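The values are calculated or read from the model by the stated rules, or taken from the named source; none is laboratory data. Because the structure is predicted, anything quoted here is derived from the model rather than measured. Note that we place each Cβ from the backbone using ideal geometry, even for glycine, and neighbour counts take in every protein chain shown. Protein only, heavy atoms only, side chains kept; ligands, DNA and RNA dropped before computing areas. Shrake-Rupley method; radii C 1.70, N 1.55, O 1.52, S 1.80 Å.
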Amino acid sequence: MRTDGKRLRNCPPMYMVAAHFMAKRSDAMNMIELDIPLQPIQEYLHRVRKEGHNVSHLTLFIAAILRTAAEYPFINRFVVNKRIYARKGFQVGMVVLKPGDMDGTMNKIHLEVEDDVFTVQDKVDAYIAQNRGSGDTNSTDKIIRILLSIPGLCRLGVNLLKCLDKHGMLPKGIIDASPFHTSLVITNLASIRTNHIYHHIYDFGTTSMAFAMGNTRMVAKQVKGEIVYEKCLPIGLVLDERICSGTYYAAAFRRLKEYLAKPELLEGPAKVVNREI
């Protein structure tokens, strides 16, 4: 019945029952921290910028998780009303600050699993350009404006949206506009010169992962018996543990780190695309 996902009925029993014991996404949050070595990223960005491609750190990370999801599609699942779904499409929710303003707006970027890093950069640029304008710049802003236009309408409207979403009856137009119905939420806190956090995943909607990038830091590691320090980009991850196993998550994030260690692998179409639907 849902327009944004297909219900999965053959998942291992442990995951089917876990959605009943942990009915809310906030019940099922697991948190982990990744330190991504910065040198390979910096070298790659420097090279492609000389070639005329203005790729950002944020885009590179989005492209890497997109390519990872192409190989490990379970991380693009979601749970609603104790049911597990395979998501149709891949969307990234992201806040964009308005020029000269402390506040911003949030909508989502629609991606295809076949997109490469340069296509992702084009879509990120278009999304930022659109949402940095003044006034209502996306469908999310317009819906919020309507909900706040009449006293009491916001409470009634939000409760109605939650009920419709729970039962798979939320209209496609609302889902397409909602920043809460995404594959993941990402925030680059380094852009405002602060450290990474563990960003919550919302109980409303379908977002199963949140990523928060922060200020770079030096991380100790052992090389040939000696302790050396490596400059890293720290990322706080919050994950819904009901969508796949810890082993699956671990394999997926090892692959993510491999992509970020060799960003040239993100150029061109994905060589491996595993689809659930």
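Here are the numbers:
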read-out	value
Set Met169, Met102: member being exposed (fewer than 13 other Cβ atoms within 10 Å of the Cβ), over 17 Å from Thr59 (Cβ atoms) and modelled with pLDDT of 90 or more	Met169
Residues being outside any helix (DSSP H, G or I) and of a type in the set (Asp, Glu) - total across the range 9-42	2
Looking only at the range 26-37, and only at residues there that are touching a His at 6+ places or on another chain (Cβ under 9 Å) and not small (Gly, Ala, Ser), the one that is farthest from Ala261 (Cα to Cα)	Met29
Top-ranked residue of the range 256-273 - restricted to ones that are modelled with pLDDT of 95 or more and touching a Lys or Arg at 6+ places or on another chain (Cβ under 8 Å), ranked as most open to solvent (accessible area, probe 1.4 Å)	Leu265
Looking only at the range 198-249, and only at residues there that are open to solvent by 40 Å² or more (accessible area, probe 1.4 Å) and of a type in the set (Gly, Ala, Ser), the one that is nearest to the chain's Cα centre (by Cα)	Gly246
Among (1) in contact (Cβ under 8 Å) with a residue 24 or more places away in the chain; (2) open to solvent by less than 50 Å² (accessible area, probe 1.4 Å); (3) not charged (D, E, K, R), the one test that Gly157 misses	(1)
Verdict on Gly268 being on the phi > 0 side of the Ramachandran plot and of a type in the set (Gly, Ala, Ser)	yes
Odd one out for Lys6 among (1) open to solvent by 40 Å² or more (accessible area, probe 1.4 Å); (2) part of a helix (DSSP H, G or I)	(2)
Strands (runs of 3 or more DSSP E) enclosed by the range 171-277 - at least 1 residues per element that are under 19 Å from Glu43 (Cβ atoms) and in contact (Cβ under 8 Å) with a residue 40 or more places away in the chain	209-213, 217-223, 226-240
Residues of the range 43-58 satisfying the condition of being more than 20 Å from Ile186 (Cβ to Cβ) and in a helix (DSSP H, G or I)	Glu43, His46, Arg47, Val48, Arg49, Lys50
Odd one out for Thr194, checked against (1) more than 16 Å from the chain's Cα centre (by Cα); (2) polar (S, T, N, Q); (3) surrounded by 13 or more Cβ atoms within 10 Å (Cβ to Cβ)	(3)
Which listed residue, of Ile174, Ile128, is hydrophobic (A, V, I, L, M, F, W, C) and within 25 Å of Phe61 (Cα to Cα)	Ile128
The range 142-154, residues that are assigned to a helix (DSSP H, G or I) and open to solvent by 80 Å² or more (accessible area, probe 1.4 Å)	Lys142, Ile144, Arg145, Ile146
Per-region count, the range 78-90, residues of a type outside the set (Gly, Ala, Ser) and under 17 Å from Leu239 (Cβ atoms)	7
